[in-house]
Amino acid sequence: MQSYRLEEFGGIKKLAMRVEAVPQPGPHQIVVRVRATSLNRRDTMILNGTYPLTPRSGIIPLSDGAGEVVAIGDAVTRVAVGDRVTGSYFARWVDGRMHPGVVDQLGCTLDGMLSEYALLDEQSAVRLPDHLSWQEAATFTCAGLTAWSALTGAEIPKPGQWVLTIGSGGVALFALQFARLAGCRVAAVTSRAEKAERLRALGADLVFTTAETPEWGTKLREATGGIDLVVETGGPATFAQSLIASTLYGRIVLLTVQDQHGKSVEIPGAVYQRSLVTIGRLFVGSRSALEAMLAAVATHRLKPVIDRVFPFAEAREAYRHFQLGDVFGKVVIDGA
Ligand SMILES: NC(=O)c1ccc[n+]([C@@H]2O[C@H](COP(=O)([O-])OP(=O)(O)OC[C@H]3O[C@@H](n4cnc5c(N)ncnc54)[C@H](OP(=O)(O)O)[C@@H]3O)[C@@H](O)[C@H]2O)c1
């Protein structure tokens, strides 16, 4: 089979195609014929050696992928040959709270999905909704679940409340879509004016462009009466404005603490002193949250937004395109 492996870290050149034997499942393992994968910001951090969790050398990258089960171990009960599945980001985190014992991640400390076949523990496999194509089904594991956890993990925003999303990456667009499912109103900010119309078409009620309206926090607060929940994917570049935009008892789910240059989020004391905003953190989500999200996705026949699809042989090009940052939705790589 064909696999990509990261034998060293430090850039796209380190992503090497290898030909190796198809894995055989152990008693509790399954083999998945991978039909599509997708990229997340963390995959570029793993590639560049800047991810906070140290990746295993020689890893098959990518947490996100979809495919069909082609072989199962003797003791497997959760899935059968022929099932359409994806893998859970934290392969050992089934439910409850995250703790150090379940920190292993696909495509980081465990082999991931950028391969013709993937070997998964049956506990990390989750069945996919029927209405999704392979390319669509390969986009939910990290960005989708992160957005779902931001919306549903603590206090779920009520219908009619305002949710703010930042940018046009995978997490932001899933957050926009899930907020609409919850009956919320959505404000979105983007650094690129040409994306405003697409954000509106996806359901954003209000869109601000950061270059045209650098003080968008005040404008949003005036227009909405205050944002109830911010899905903060912008980090240091947007956090202060997100805080200004928030309602008195608003919540900010802070998903990005540092930017790619190492600059950290700073809390502007003068603003925060006048605010009772709760700042929350989360890390993607558990398998049970993934199952809950995919049940909602199936019920509402929700489709992800795909920016671009690359052939398997052009995985490096996909990384390059993703790293440039000018995306609208998910960057997908077809299976081998
Ligand atoms: N804590 C967690 O569990 C968790 C999980 C997943 C992701 N995250 C974090 O959430 C953030 C979003 O992740 P993502 O995978 O959705 O996509 P992403 O690639 O980081 O987001 C891309 C979007 O960010 C905006 N952007 C502005 N300037 C950029 C630049 N210089 N480089 C890249 N993007 C830029 C762009 O939107 P506009 O063009 O519209 O401005 C772009 O479409 C990342 O920082 C990621 O690390 C955290």
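The values are calculated or read from the model by the stated rules, or taken from the named source; none is laboratory data. Every value quoted in this text rests on a predicted model; they were computed, and no experiment measured them. So basically every Cβ, Gly included, is an ideal-geometry build from the backbone, and we count neighbours across all protein chains shown.
Going through the stretch 217-258 one residue at a time, which ones are surrounded by 23 or more Cβ atoms within 10 Å (Cβ to Cβ) and among the aromatic types (Phe, Trp, Tyr)?
Once the filter is applied, which keeps residues that are surrounded by 23 or more Cβ atoms within 10 Å (Cβ to Cβ) and among the aromatic types (Phe, Trp, Tyr), the stretch 217-258 yields only PHE239.
When you scan the stretch 243-287, how many residues do you find that are within 22 Å of THR224 (Cα to Cα) and either of a type in the set (Lys, Arg) or under 20 Å from the mean Cα position of the chain (by Cα) (or both)?
Of the residues in that region, 7 qualify.
Identify, by number, the condition in (1) of a type in the set (Ser, Thr, Tyr); (2) within 24 Å of ALA143 (Cβ to Cβ); (3) assigned to a loop (DSSP other than H, G, I, E, B) that THR86 doesn't meet.
(3)
Determine whether ALA66 is surrounded by fewer than 21 Cβ atoms within 10 Å (Cβ to Cβ), in a strand (DSSP E or B) and either modelled with pLDDT of 95 or more or in contact with a Cys (Cβ under 6 Å, 6 or more places away or on another chain) (or both).
no
Could you look through the stretch 223-248, keep only residues that are over 14 Å from VAL163 (Cβ atoms) and touching a Gly at 6+ places or on another chain (Cβ under 9 Å), and pick out the one that is nearest to the ligand (Cβ to nearest atom)?
Residue satisfying both the conditions and the ranking: GLY234.
Exactly one condition in (1) assigned to a loop (DSSP other than H, G, I, E, B); (2) touching a helix residue (DSSP H, G or I) at 6+ places or on another chain (Cβ under 7 Å); (3) away from the ligand (no atom under 16 Å from the Cβ) is not met by ARG35; state its number.
Tallying (1) assigned to a loop (DSSP other than H, G, I, E, B); (2) touching a helix residue (DSSP H, G or I) at 6+ places or on another chain (Cβ under 7 Å); (3) away from the ligand (no atom under 16 Å from the Cβ), ARG35 fails exactly one: (1).
Specify the residue that is surrounded by the most Cβ atoms within 10 Å (Cβ to Cβ); the eligible residues are those in the stretch 40-63 that are among the hydrophobic types (A, V, I, L, M, F, W, C) and assigned to a loop (DSSP other than H, G, I, E, B).
Per the stated criteria, the residue is LEU62.
Based on this model, can you work out whether GLY262 counts as of a type in the set (Gly, Ala, Ser) and at pLDDT below 95? Spell out the reasoning first.
On the way: of a type in the set (Gly, Ala, Ser): yes; at pLDDT below 95: yes.
For GLY262, the condition - of a type in the set (Gly, Ala, Ser) and at pLDDT below 95 - is met.
What helices (runs of 4 or more DSSP H), lying completely within the stretch 144-256, carry at least 2 residues that are modelled with pLDDT of 95 or more and within 19 Å of GLY280 (Cα to Cα)? Don't jump to the end; show me each part of the working.
On the way: elements: 145-152, 170-181, 196-201, 216-224, 239-245.
Fully inside the stretch 144-256 and qualifying: 145-152, 170-181, 239-245.
For the stretch 129-150, which residues satisfy the criterion of being under 13 Å from LEU302 (Cβ atoms) and surrounded by 24 or more Cβ atoms within 10 Å (Cβ to Cβ)?
ALA137, THR139, PHE140, GLY144, ALA147, TRP148
When GLY329 is evaluated against the numbered criteria (1) closer than 20 Å to LEU202 by Cα; (2) crowded, with 19+ Cβ neighbours inside 10 Å; (3) small (Gly, Ala, Ser); (4) more than 17 Å from the chain's Cα centre (by Cα), which criterion, by number, is the only one it fails?
Tallying (1) closer than 20 Å to LEU202 by Cα; (2) crowded, with 19+ Cβ neighbours inside 10 Å; (3) small (Gly, Ala, Ser); (4) more than 17 Å from the chain's Cα centre (by Cα), GLY329 fails exactly one: (4).
If you scan the stretch 170-198, which residues turn out to be of a type in the set (Phe, Trp, Tyr) and either more than 9 Å from the ligand (Cβ to nearest atom) or surrounded by fewer than 23 Cβ atoms within 10 Å (Cβ to Cβ) (or both)?
PHE178, the sole residue that qualifies.
Just the residues that are within 11 Å of the ligand (Cβ to nearest atom) and assigned to a loop (DSSP other than H, G, I, E, B), please, taken from the stretch 270-290.
Of everything in the stretch 270-290, those that are within 11 Å of the ligand (Cβ to nearest atom) and assigned to a loop (DSSP other than H, G, I, E, B) turn out to be ARG281, LEU282, PHE283, VAL284, GLY285.
Which one is surrounded by the most Cβ atoms within 10 Å (Cβ to Cβ) among residues in the stretch 69-90 that are under 18 Å from the mean Cα position of the chain (by Cα) and more than 16 Å from ASP43 (Cα to Cα)?
The extreme case among them is THR86.
Take the residues in the stretch 142-166 that are in contact with a strand residue (DSSP E or B) (Cβ under 6 Å, 6 or more places away or on another chain) and within 10 Å of the ligand (Cβ to nearest atom), then tell me which one is farthest from GLU222 (Cα to Cα).
Only one residue tops the list, namely CYS142.
Just checking, does the stretch 288-298 include any residue being farther than 22 Å from LEU47 by Cα and in the same structural domain as THR190 (by TED's automatic domain parsing)?
no
Here's the yes/no breakdown for (1) among the polar types (S, T, N, Q); (2) more than 16 Å from the ligand (Cβ to nearest atom); (3) under 29 Å from PHE9 (Cα atoms):
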| site | (1), (2), (3) |
| --- | --- |
| ALA296 | no, yes, no |
| HIS300 | no, yes, no |
| ALA315 | no, yes, yes |
| ILE333 | no, no, yes |
